[in-house]
Amino acid sequence: DAASTAYLLVCTALVQLMTPGLAFFYGGLVRSTSVLTMMMQSFVSMGVASILWYVVGFSLCFGEPAGVFGNPATYAGMRGVNVNEPLMRQGAAFVDGIPGLLFAAYQGMFAVITPALMTGAFADRFRFKPYLIFICVWLVVVYAPWCHWVWGGGWLAEWGVWDFAGGIVVHITAGFSALASLVVVGKRPADTEDLDVPHNVPFVALGTALLWFGWFGFNGGSALATGGVAVAAAVNSEIAGSVALFLWLLIDWLRNGRPGLVGLCVGAIAGLATITPAAGFVQPWAAFLIGILATISCYACCELRKKLGFDDALDVWGVHGMGGFIGSVLLGALADPEECGIPAIAPKSCVNPGTVTRSGEQFAKQLAAALLCAVYSFVVTFALLKAINVVMPLRPQEENVRKSLDLSEHGEEAYTPPKAYTPEASAQQAARAEGDKHVEAGMVSVDV
């Protein structure tokens, strides 16, 4: 299908753009002396996760079922993943209508951004070398199993759990893993100034714009074809994001006395994260309701973590973890009715006939899967970080954090520090200015 192939190519590029967008979003929210460290953690995931995905990650997620994972040999090194036929598995097309290599590339973009989402939680508390080790192992032991179980035809898919674009696979895994990381790395240095004050609000706005733009590929592209489902996913994403943006703004306005751009941006991300698992399964009215519930629940979770003393620097758990959790559970209650379950007799109004329909049983399945994912992600990530910390320290030295984490970790600074004033430097500057005047006067004389 040429139209679907072209559409998925564009969507792949859009999802790829989300990781740089995340870097700007997170980078603007942290201090000026750690902005490069934060952005580096997002950008490096584009390289590390993509390499791992090519070598074995795609096979672990979408290979032939082999217990916890897909068979790592099924598509190792993209073997048997072609551009002129759909992805074939056990003699049948796994995803029809688009080239297998395109499907692999598109899914790889999700693997890239998921570990990067966690970085906002442990800002200023993670050295670069252990971070590289962490995301490589995490992709194998946390992301790959859940991707296989839900999207790769694993036991949760067979049981009837649905996740349109990553509420469980992306947001719950990242959000609750981020929560586990806080238990291991602890809080930022108490005497560090302006911990929660963004250093560059325009960066936050730019990151939000890139993320929102990319989300049309993230959610809309998860239809894996052109047509009504892709349209519904894109429109529902816009509705939920817009509703949450404005309601978050209103809450901040009422509480703080003034509307803030940062709160507006965070609200938009909360709405987009919450609609993600349901985007291609619900009607626009349900997307509107999800936007409202996303605002209330995610805002409450962000306030709760403050009272509990968790130093989630950029509210990854409250926005992504709980947003994905709530959206995944609400899908069981807000999907189309039972009459949409059989494509042959489904009314024209159905969003995605033949897939998920709302019921008490479906709600229970979605809730069970979300709870299991949350617990699994937390426990496995906690154990993984504890193990890495035995081999090499996760946290940088506090003195480096206070001075400049960017300089100590990467030898670079985002902003050139102003030079200190000295009489000698002032005299030299005045002499240069006087010399420039004489040169200009001489040029005038020659011209005359």
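Under the condition of being in a helix (DSSP H, G or I) and more than 26 Å from the chain's Cα centre (by Cα), which residue from the stretch 391-406 is modelled with the highest pLDDT? First the steps, then the outcome.
From the stretch 391-406, those in a helix (DSSP H, G or I) are 391, 398-403, 405-406; that's our starting set.
This time we only want the ones that are more than 26 Å from the chain's Cα centre (by Cα), so: 391, 398-400, 402-403.
Details: VAL391: 96, GLU398: 90, GLU399: 90, ASN400: 91, ARG402: 88, LYS403: 89.
Among residues in the stretch 391-406 that are in a helix (DSSP H, G or I) and more than 26 Å from the chain's Cα centre (by Cα), the one modelled with the highest pLDDT is VAL391.
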* Any idea which of ALA232, ALA225, ALA178 is of a type in the set (A, V, I, L, M, F, W, C), under 26 Å from SER328 (Cβ atoms), in contact with a helix residue (DSSP H, G or I) (Cβ under 7 Å, 6 or more places away or on another chain) and in a helix (DSSP H, G or I)? -> ALA178
* Asked: Which one is surrounded by the fewest Cβ atoms within 10 Å (Cβ to Cβ), of the residues in the stretch 295-354 that are of a type in the set (Asp, Glu) and part of a loop (DSSP other than H, G, I, E, B)?
  -> ASP311
* To do: Please verify whether the stretch 94-117 includes one or more residues that are over 27 Å from ARG188 (Cα atoms), part of a helix (DSSP H, G or I) and in contact with a Lys or Arg (Cβ under 8 Å, 6 or more places away or on another chain).
  => no
* To do: Could you check how many residues of the stretch 20-46 are β-branched (Val, Ile, Thr) and within 17 Å of CYS265 (Cβ to Cβ)?
  => 2
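Given the structure, is VAL44 under 30 Å from PHE122 (Cα atoms) and surrounded by fewer than 16 Cβ atoms within 10 Å (Cβ to Cβ)?
Numbers: under 30 Å from PHE122 (Cα atoms): yes; surrounded by fewer than 16 Cβ atoms within 10 Å (Cβ to Cβ): no.
The answer is no for VAL44.
So how many residues does the stretch 92-116 have that are aliphatic (A, V, I, L, M), open to solvent by 10 Å² or more (accessible area, probe 1.4 Å) and under 16 Å from the mean Cα position of the chain (by Cα)? Quick ask: steps written out before the conclusion?
So in the stretch 92-116, the residues aliphatic (A, V, I, L, M) come out as 92-93, 95, 98, 101-102, 104-105, 109, 111-113, 116.
From the residues that got through so far, the ones that are open to solvent by 10 Å² or more (accessible area, probe 1.4 Å) too are 92-93, 95, 101-102, 105, 109.
Filter again for under 16 Å from the mean Cα position of the chain (by Cα), leaving 109.
Number satisfying all stated conditions: 1.
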* **Hits in the stretch 67-87 (condition: over 19 Å from TYR143 (Cα atoms) and surrounded by fewer than 16 Cβ atoms within 10 Å (Cβ to Cβ))** => ARG79, GLY80, ASN82, VAL83, ASN84, GLU85
* To do: Give the number of residues within the stretch 26-40 that are open to solvent by less than 10 Å² (accessible area, probe 1.4 Å) and not β-branched (Val, Ile, Thr).
  => 5
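The values are calculated or read from the model by the stated rules, or taken from the named source; none is laboratory data. In this text the structure is predicted, and so the values were computed from the model without any measurement. Cβ atoms come from the backbone with ideal geometry, glycine included; neighbour counts cover every protein chain shown. Just so you know, the surface numbers come from the protein's heavy atoms only, side chains and all, with ligands and any DNA or RNA stripped out. Shrake-Rupley method; radii C 1.70, N 1.55, O 1.52, S 1.80 Å.
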